[in-house]
Amino acid sequence: MNGGLRLLAAGDTALTAELGDTVDPRINARVLSLDRALAAEALPGIVETVPTYRSLQIHFDPDRLDVEALGRTLEALAAKLDDEPPPGRTWRVPVAYGGEHGIDLEATAARIGVSTEEVIAIHLAGDYRVYMIGFQPGFAYLGGLDSRLHLPRREVPRLKTPAGTISVGGIQAAVASIEAPSGWHLLGRTPVRAFDPVRAEPLLFGVGDRIRFERISADDYVSLATRVADEGWLPPREAP
Amino acid sequence: MSVLRCIDPGPLATLQDGGRVAWQRFGVSVAGAMDPIGLALANLLVGNPRDGAAIEVTLAGGVWEVEAESVRLAFAGANIAATIDGRLAASHRSHMLKRGQRLAIGPLAGAVRGYLAVAGGLALPAMLGSISTHLRSRLGGIDGGPLRAGQELPLVLDTVGGPDLAFDPSLLPTAPPRFRAILGPQDDMFTREGVETLFAADYTVTAEADRMGMRLAGPKLAHVGGYNIISDGIAPGSIQVPGAGLPIVLFADRQTTGGYPKIATVVSADLGFLARCRPGDTIRFEQTDLAGASRLRQALQDRLARLAASLSPARSVASLDSATLLAHNLVDGVTDGLDVP
């Protein structure tokens, strides 16, 4: 029994340890469990690991690590993975909804036949978990979006969306870190910068963390954005 | 302060080192030199660590002026016609320049990119552990962007001693006739004909090739079922195949995760040589396995070790007339095997 593990070659410097092929919180929990267990083994030659929705990418130095030995270690670890999501930190992320900060809020409300206040309430009620970080530095893909907000992507992506964009796309929600193109629906914006390379803590959210959104006004956005820029203000977080 | 001033960066010049490791789980791309062999050769010639930060130039090498008592520079990765204050300067050796002297590097031959290394290195702060520039996220380098005319690169050393060094050019590693790749991680999402085509057909490097990826033109590779996967990690050299069926090889600036199936992965020993190819070049792939990749890696490391051991004082430029330099530089430049077939 290897816990559904598939080991897939990714050249001579990486190995993909796949635990499923769907977006499923239990598969993601097993990926994170495998990541922690492998880190605890502290094998020499592992350069870095990248947990995704359903697999763990292991980058290694082939001159220091025998990939067959790595495979045996992964097989052994995969037999005893935890299906429960890891505790993770909980971040409280302030969001200004609608208006210039969330230019798709009204269209989203019209599309699903509710008021803009209801869209905000549905989005705020979610208990989100960071499933994966990718696409750009610090871009957090969140699971836990209410099915009423599951919408297909825009037919024509926007070439530019601002840093801090709070959006939904498909079954996912996201907190964008830097300015980027996006085909998702923009509901609001946070003054929090998930990525700032010169900050003591350059990247805030980690895979497995939880995120709760908190509504702020457009005025609050301005004052918090000033504090972020001037004082390096960070959002409140709770240890697991 | 001692600096190397950028008079003209050429079409695109960025600072690159061995790359930004350990941040991919936060979505931060590795970046780093597209051709790690070229970077290593340039650094070896000036006595730097092989993966130390250097200037990666594209298509042509620009013009650089010394504002220090003396600076030792070396250029590698591509073949060049370079001049120092108008006098021809040979390849595959280092050159000491005095204050006010200018190195002008013309069009590159045999490779898209080349590396200009400075003895002692650049006095720039690492960002997330690396000086490498990642243009898409504006990370690294001086301000996250390409080098611009007028910018000054601060140097660690104000003066250099000792002789200029040269390699035995007959030991320079050469590109393989076919780029070796290992199947996977998603080769099972392609038809058998698709996999056979990858290793049998000629592909052409298109103009859509940059530090992130190289889009190839040629026979399409048919998927089995769909062509979207739940995003997973991406290795250097991954050959991903979007819906249109044409492969894209992913390089240093690749995204950390992606949602297209990856049919195969170019082995680490061959990836820097593939990065040298230009739009219009015809390339071919050959299947290998982990043992094959290991042999290729070992052979390349042995070759680099022999090159390093061959370093010896270069002949004085002043003792050579330009005809001799032409014979040693420009003629070598087209015959030393660096050209990719």
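The values are calculated or read from the model by the stated rules, or taken from the named source; none is laboratory data. Please read all numbers here as calculations on a predicted model, not as lab measurements. Here the Cβ is made from the backbone with ideal geometry for all residues, glycine too, and neighbour counts use every protein chain on show. Just so you know, the surface numbers come from the protein's heavy atoms only, side chains and all, with ligands and any DNA or RNA stripped out. Shrake-Rupley method; radii C 1.70, N 1.55, O 1.52, S 1.80 Å.
Filter the stretch B:165-194 for residues that are open to solvent by 40 Å² or more (accessible area, probe 1.4 Å) and within 27 Å of B:A111 (Cβ to Cβ); which is nearest to the chain's Cα centre (by Cα)?
Checked the stretch B:165-194; the qualifying residue nearest to the chain's Cα centre (by Cα) is B:T174.
What strands (runs of 3 or more DSSP E) completely inside the stretch A:110-168 contain at least 2 residues that are touching a residue at least 12 places away in the same chain (Cβ under 8 Å) and away from chain B (no Cβ under 14 Å)?
Values: elements: A:128-133, A:140-143, A:158-161.
Output list reads A:128-133, A:158-161.
Search the stretch A:39-84 for residues being over 17 Å from A:A14 (Cβ atoms) and part of a loop (DSSP other than H, G, I, E, B), and hand back the single one that is most open to solvent (accessible area, probe 1.4 Å).
Here the residue is A:K80.
Please work out if B:G38 is touching an Asp or Glu at 6+ places or on another chain (Cβ under 9 Å) and touching a residue at least 24 places away in the same chain (Cβ under 8 Å). Steps first, please.
Numbers: touching an Asp or Glu at 6+ places or on another chain (Cβ under 9 Å): yes; touching a residue at least 24 places away in the same chain (Cβ under 8 Å): yes.
The answer is yes for B:G38.
Go through the stretch B:15-28 residue by residue and tally those that are more than 28 Å from B:L171 (Cβ to Cβ) and open to solvent by less than 10 Å² (accessible area, probe 1.4 Å).
So the count comes out to 4.
Restricting to the stretch A:175-188, name every residue that is within 16 Å of the chain's Cα centre (by Cα) and surrounded by 24 or more Cβ atoms within 10 Å (Cβ to Cβ).
A:V175, A:A176, A:S177
For the stretch B:265-316: of the residues being assigned to a strand (DSSP E or B) and under 21 Å from B:Q240 (Cβ atoms), which is nearest to the other protein chains (Cβ to nearest Cβ)?
Across the stretch B:265-316, the extreme among qualifying residues is B:T265.
Just a yes or no: is a residue in the stretch B:273-285 among the aliphatic types (A, V, I, L, M) and under 25 Å from B:R50 (Cβ atoms)?
Step one: filter the stretch B:273-285 for residues among the aliphatic types (A, V, I, L, M), giving B:274-275, B:283.
Narrowing the set further to residues that are under 25 Å from B:R50 (Cβ atoms) leaves B:274-275.
Yes, the stretch B:273-285 contains at least one residue that is among the aliphatic types (A, V, I, L, M) and under 25 Å from B:R50 (Cβ atoms).
Sort out which residues of the stretch B:63-93 are at pLDDT 95 or above, more than 16 Å from B:D164 (Cβ to Cβ) and buried (at least 23 other Cβ atoms within 10 Å of the Cβ), and write them in order of number.
Scanning the stretch B:63-93 gives a single hit, B:W64.
Taking the stated definitions as given, is B:L4 in contact with a Phe, Trp or Tyr (Cβ under 6 Å, 6 or more places away or on another chain), part of a strand (DSSP E or B), within 25 Å of B:F167 (Cα to Cα) and away from chain A (no Cβ under 14 Å)?
yes
Name the one entry in B:S137, B:S130 that is open to solvent by less than 50 Å² (accessible area, probe 1.4 Å), within 12 Å of another protein chain (Cβ to nearest Cβ) and at pLDDT 95 or above.
B:S130
Give the residue that is farthest from A:D24 (Cα to Cα), with candidates limited to residues of the stretch A:52-75 that are at the interface with another protein chain (Cβ under 10 Å from one of its Cβ atoms) and of a type in the set (A, V, I, L, M).
Out of the qualifying residues, it is A:V67.
Quickly run through the stretch A:186-240 and pick out the residues that are among the hydroxyl-bearing types (S, T, Y) and not in a loop (DSSP other than H, G, I, E, B).
Once the filter is applied, which keeps residues that are among the hydroxyl-bearing types (S, T, Y) and not in a loop (DSSP other than H, G, I, E, B), the stretch A:186-240 yields A:Y221, A:S223, A:T226.
Here's the yes/no breakdown for (1) crowded, with 16+ Cβ neighbours inside 10 Å; (2) under 26 Å from A:S55 (Cβ atoms); (3) in the same structural domain as B:P261 (by TED's automatic domain parsing):
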{"position": "B:E196", "(1), (2), (3)": "no, no, yes"}
{"position": "B:Y203", "(1), (2), (3)": "yes, no, yes"}
{"position": "B:A207", "(1), (2), (3)": "no, no, yes"}
{"position": "B:R215", "(1), (2), (3)": "yes, yes, yes"}
{"position": "B:L221", "(1), (2), (3)": "yes, yes, yes"}
{"position": "B:G226", "(1), (2), (3)": "no, yes, yes"}
{"position": "B:I230", "(1), (2), (3)": "yes, yes, yes"}
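For the structure I just gave you, tell me whether B:G213 is at positive phi and either within 20 Å of the chain's Cα centre (by Cα) or away from chain A (no Cβ under 14 Å) (or both).
Considered against the rule, which asks whether it is at positive phi and either within 20 Å of the chain's Cα centre (by Cα) or away from chain A (no Cβ under 14 Å) (or both), B:G213 comes out as no.
Please go through the stretch A:1-30 and pick out each residue that is within 13 Å of B:I229 (Cβ to Cβ) and part of a helix (DSSP H, G or I).
Residues satisfying the conditions do not exist here.
Just checking, which of B:A291, B:A327, B:A309 is within 30 Å of B:I84 (Cβ to Cβ), modelled with pLDDT of 95 or more and open to solvent by 30 Å² or more (accessible area, probe 1.4 Å)?
On the way: B:A291 fails: within 30 Å of B:I84 (Cβ to Cβ); B:A327 fails: modelled with pLDDT of 95 or more.
The match here is B:A309.
Can you pull out every residue in the stretch B:114-125 that is in contact (Cβ under 8 Å) with a residue 12 or more places away in the chain and either part of a loop (DSSP other than H, G, I, E, B) or within 14 Å of chain A (Cβ to nearest Cβ) (or both)?
Within the stretch B:114-125, the subset in contact (Cβ under 8 Å) with a residue 12 or more places away in the chain is B:114-124.
Within the stretch B:114-125, B:A119, B:G120, B:G121, B:A123, B:L124 meet the criteria.
Among the residues of the stretch A:198-208, how many are open to solvent by 10 Å² or more (accessible area, probe 1.4 Å) and closer than 10 Å to A:L142 by Cβ?
Counting residues in the stretch A:198-208 that are open to solvent by 10 Å² or more (accessible area, probe 1.4 Å) and closer than 10 Å to A:L142 by Cβ gives 0.
Of everything in the stretch A:160-174, what is open to solvent by less than 10 Å² (accessible area, probe 1.4 Å) and among the small types (G, A, S)? Give them in sequence order.
A:G164, A:S167, A:G169, A:A173, A:A174
Please note which strands (runs of 3 or more DSSP E) are completely contained in the stretch B:137-253 and include at least 1 residues that are under 30 Å from A:Q57 (Cα atoms). Before you say what the answer is, go through the steps one by one.
Values: elements: B:152-154, B:179-183, B:203-209, B:213-217, B:238-240, B:248-250.
Passing ranges, in order: B:179-183, B:203-209, B:213-217, B:238-240, B:248-250.
Which members of the stretch B:163-200 meet the condition of being more than 14 Å from every other protein chain (Cβ to nearest Cβ) and of a type in the set (D, E)?
Passing the criteria: B:D164, B:D168, B:E193, B:E196.
Does B:P236 satisfy the condition of being within 17 Å of B:D35 (Cβ to Cβ) and either modelled with pLDDT of 95 or more or crowded, with 22+ Cβ neighbours inside 10 Å (or both)?
It is true that B:P236 is within 17 Å of B:D35 (Cβ to Cβ) and either modelled with pLDDT of 95 or more or crowded, with 22+ Cβ neighbours inside 10 Å (or both).
If I ask for residues that are within 11 Å of the chain's Cα centre (by Cα) and within 14 Å of chain A (Cβ to nearest Cβ), which ones from the stretch B:32-66 would you list?
B:G32, B:P36
Could you list, in sequence order, all residues of the stretch A:104-132 that are more than 21 Å from A:I211 (Cα to Cα) and either surrounded by 18 or more Cβ atoms within 10 Å (Cβ to Cβ) or not aliphatic (A, V, I, L, M) (or both)?
Once the filter is applied, which keeps residues that are more than 21 Å from A:I211 (Cα to Cα) and either surrounded by 18 or more Cβ atoms within 10 Å (Cβ to Cβ) or not aliphatic (A, V, I, L, M) (or both), the stretch A:104-132 yields A:D104, A:E106, A:T108, A:A109, A:R111, A:G113, A:S115, A:T116.
Residues that are under 30 Å from A:T116 (Cβ atoms), among the aliphatic types (A, V, I, L, M) and either within 10 Å of another protein chain (Cβ to nearest Cβ) or buried (at least 17 other Cβ atoms within 10 Å of the Cβ) (or both): does the stretch A:28-37 have at least one?
Taking every residue of the stretch A:28-37 in turn, none turns out to be under 30 Å from A:T116 (Cβ atoms), among the aliphatic types (A, V, I, L, M) and either within 10 Å of another protein chain (Cβ to nearest Cβ) or buried (at least 17 other Cβ atoms within 10 Å of the Cβ) (or both).
Can you confirm whether the stretch B:32-54 contains a residue that is in a strand (DSSP E or B) and either at pLDDT 95 or above or outside the structural domain of B:L153 (by TED's automatic domain parsing) (or both)?
Yes: the stretch B:32-54 contains one or more residues that are in a strand (DSSP E or B) and either at pLDDT 95 or above or outside the structural domain of B:L153 (by TED's automatic domain parsing) (or both).
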